[in-house]
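Asks: Structure below; questions to follow.
A short reminder: the numbers here are calculations on the coordinates, not readings from a lab. The structure presented is a predicted model; accordingly, all values stated were derived computationally and were not measured. Methodologically, a virtual Cβ is constructed for each residue, glycine included, from the backbone with ideal geometry; neighbour enumeration extends over all protein chains shown.
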Amino acid sequence: MPTQKIQIFDTTLRDGEQVPGCKLNTHEKLVIAKQLEQLGVDVIEAGFPISSPGDFDAVRAIAAQTKEATVCGLSRAVEHDIITAAEALKGAKRPRIHTGIGTSDLHVKYKLRTTREEVIARAVQAVKLAKSFVEDVEFYAEDAGRTDNVFLAKVCEEAIKAGATVLNIPDTTGYCLPEEYGAKIKFLYENVKGIDKVCLSTHCHNDLGMATANSIAGVMNGARQIECTINGVGERAGNTALEEVVMILRQHPYLNLVTGINTKLLTETSTLVSHMMRMPVQPNKAIVGANAFSHSSGIHQDGVIKHRETYEIIDPREVGIDSSSIVLTARSGRAALAYRLQKLGYNFDKDTLDKAYSSFLHVADVKKEVVDEDLHELVEEQNLVVAS
Ligand code: KIV
Ligand code: ZN
């Protein structure tokens, strides 16, 4: 199979920003949008222009200042939303309107209080109206994860006929299993007329911790765009994490799916977003967590010191970190202690190292982590002499 490009659609500034406490002002949104463009994302979903005057201004500013990436604005399948999104996107070099409506029976019956027929009619109207403003129109079928596949295929077919260029299949509630979500994408690929002319997109939420797995299942079954956020920020348990899907595709080259992301900027982008959104990254977060490249148990440290790849599947430099770290704790072994002491200029013979190690364990038992100053103190207190 020839190599296929997966479009990275970043929705940190829209779905990500919906998180309580993460609201960004226009300046902060612009700074993040610039960083996303440098990172190499294909689409920046800049906001939901109808939601507030502030968000309208932010989308307009990002549209005016973004050079390469497509700038997208969200709207419901509502006339005023679409007109406002089009207005906010006027200055964009590559504008996209993202419009859509709920398609699961739960949404049709309880949220929209309407019928499937009416949903199709509103979807078609919305896409046509958006198309009268911009060429690039993405249609979302909200709660597609819990939508009957035959009905979903019908909605998608009508959206394509109305002019949609991208079809977004959101697992809005993070419900699907990877096999189920992958099968849904495959079903659409095989049953929707005209699907070969448009791009199918994944948009997965993480309520059951499966957003990343579902997005990968989606692209393995024909989707060519992944919607995601930096650090996986988003409503409730969050969205698919950009850094995870990008590194998964990179670490599995036989899938022949590539992205245009400059992975060396992943860590600094993660830090910037975490800082601006005031949303700390959990230490054990894949790829960008503080512990993602640190080794603390003796067995792992011994392996990594002998050969990095024994316990590391990614070279930390690929994601913008100079090197992995060996953290000294009460679970560390002699090899890790010797390694760290050597870095500080202490080359001990075996007996001295044994002495150092037993003192180290006493310190480590009372401290969570033994740092360089502790080691200097330990060497001085014990009068340990460097081997000649
Ligand atoms: O999760 C979702 O369904 C969404 C849509 C508005 C695209 O965010
Ligand atoms: Zn969403």
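Asks: Let me know the charge dipole size of the range 212-354 about its Cα centre in debye, to the nearest 20, where only the beta-carbon of Lys, Arg (+1) and Asp, Glu (-1) is charged.
Replies: That gives a dipole near 80 debye.
Asks: Now a separate question. Across the range 61-68, in residue order, what do the Karplus-derived ³J(HN,Hα) couplings come to in whole Hz, using 6.51 cos²θ - 1.76 cosθ + 1.60 with θ = phi - 60° and x for Gly and Pro?
Replies: With the stated coefficients, the range 61-68 comes to 5, 5, 4, 6, 9, 8, 8, 9 Hz.
Asks: Follow-up. Can you grab the distance from the C-alpha centre of the range 187-220 to the C-alpha centre of the range 341-357, Å, no decimals?
Replies: Going from one Cα centre to the other spans 55 Å.
Asks: Would you calculate the separation in nanometres between label points at Lys109 and Ser132, each defined as 7 Å from the Cα along the Cα-to-beta-carbon direction?
Replies: 3.5 nm
Asks: Rounded to the nearest 20 debye, what is the charge dipole size of the range 110-237 about its Cα centre when +1 sits on each Lys and Arg Cβ and -1 on each Asp and Glu Cβ?
Replies: 280 debye
Asks: Let me ask you something else. So if I take the centroid of the Cα atoms in the range 14-49 and the same for the range 71-123, what is the distance between those two points in Å?
Replies: 20 Å
Asks: Got a sec? Charge dipole of the chain, +1 on Cβ for Lys and Arg, -1 for Asp and Glu; which of Ala33, His98, Met276 is way out at the positive end?
Replies: His98
Asks: Another one. Read phi for every residue in the range 99-116 and hand back ³J(HN,Hα) as whole Hz from Karplus 6.51 cos²θ - 1.76 cosθ + 1.60, θ = phi - 60°, with x for Gly and Pro.
Replies: My calculation for the range 99-116 gives 10, x, 7, x, 10, 6, 4, 4, 6, 4, 7, 9, 8, 8, 6, 9, 10, 4 Hz in order.
Asks: Kindly put Lys306, Lys109 in sequence by how many other C-beta atoms sit within 10 Å of each C-beta, fewest to most.
Replies: Ranking Lys306, Lys109 by Cβ neighbours within 10 Å, fewest first, gives Lys306, Lys109.
Asks: On to the next question. Within a 10 angstrom radius of the beta carbon, how do Arg278, Arg60, Arg317 rank from fewest other beta carbons to most?
Replies: Going from least to most buried by this count: Arg278, Arg317, Arg60.
Asks: Each label point is 7 Å from the Cα along the Cα-to-Cβ direction; what then is the distance between the points at Met220 and Ser388, in nm?
Replies: For Met220 paired with Ser388, the spin-label model returns 6.3 nm.
Asks: What is the fewest-to-most order of Thr310, Thr70 by other Cβ atoms lying within 10 Å of their Cβ?
Replies: So the ranking, lowest neighbour count to highest, is Thr310, Thr70.
Asks: Name the most mobile residue of Ile62, Ile82, Ile314, meaning the one with the largest mean-square fluctuation, in a Gaussian network model of the chain with Cα contacts below 10 Å.
Replies: Top of the fluctuation ranking is Ile314.
Asks: For n ≥ 4 DSSP H runs only, could you compute -39500 (n - 2.57) per run for the chain, divide by its residues and tell me the 222 nm figure to the nearest 500?
Replies: Here the helix-only value at 222 nm equals -13000 deg cm²/dmol.
Asks: Of the peptides 183-192, 363-372, how do they stack up when ordered by the mean number of other Cβ atoms within 10 Å, highest first?
Replies: Going from most to least packed, we get 183-192, 363-372.
Asks: Among Ile195, Ile314, Gly303, whose Cα projects farthest towards the positive end of the dipole of the chain, with charges put on the beta-carbon of Lys, Arg (+1) and Asp, Glu (-1)?
Replies: Value computed over the given set: Ile195.
Asks: I'd like the antiparallel share, as a percent to the nearest 5, of DSSP beta bridges with both residues in the chain.
Replies: 5 percent
Asks: Let me know the charge dipole size of the chain about its Cα centre in debye, to the nearest 20, where only the beta-carbon of Lys, Arg (+1) and Asp, Glu (-1) is charged.
Replies: Rounded to the nearest 20 debye, it is 960 debye.
Asks: Any idea what angle helix 372-381 forms with the longest principal axis of the chain, computed on alpha-carbon atoms, 0 to 90 degrees, nearest 10?
Replies: On a 0 to 90 degree scale, this one is about 10.
Asks: Hey, in the GNM for the chain with a 10 angstrom Cα cutoff, which one of Ala46, Ala86, Ala286 fluctuates hardest?
Replies: Top of the fluctuation ranking is Ala286.
Asks: Shifting gears a bit: For Ala237 paired with Ala64, estimate the spin-label separation in nm (one decimal), with each label point 7 Å from Cα along the Cα-to-Cβ line.
Replies: Label at Ala237, label at Ala64, 4.2 nm between them.
Asks: Setting aside same-chain residues fewer than 8 positions from Lys367, which lysines have a Cα under 22 Å from its Cα?
Replies: Lys343, Lys355
Asks: Note the full-extension length gain between Ser297 and Tyr254 as 0.36 nm times their separation in residues minus their Cα-Cα distance, in nm to one decimal.
Replies: Once the chain is fully extended between Ser297 and Tyr254, it gains 12.3 nm.
Asks: Further, regarding this structure: Using every Cα-Cα pair within the range 305-360, state what percent have a distance larger than 17 Å.
Replies: The share of Cα pairs beyond 17 Å in the range 305-360 comes to 46 percent.
Asks: Something else: Kindly express, to the nearest 10 degrees and within the range 0 to 90, the angle between helix 242-251's C-alpha long axis and the longest C-alpha principal axis of the chain.
Replies: Once rounded, one gets 70 degrees.
Asks: Oh, and also: For a quick size check, give me the Cα extents of the chain along its three principal axes, largest first, whole Å.
Replies: 83, 41, 40
Asks: Would you mind checking the pairs Lys285/Lys306; Lys128/Lys193; Lys5/Lys29; Lys90/Lys197; Lys161/Lys193; Lys23/Lys131 and listing those with alpha carbons more than 21 angstrom apart?
Replies: Result: Lys285/Lys306; Lys5/Lys29; Lys90/Lys197; Lys23/Lys131 exceed 21 Å.
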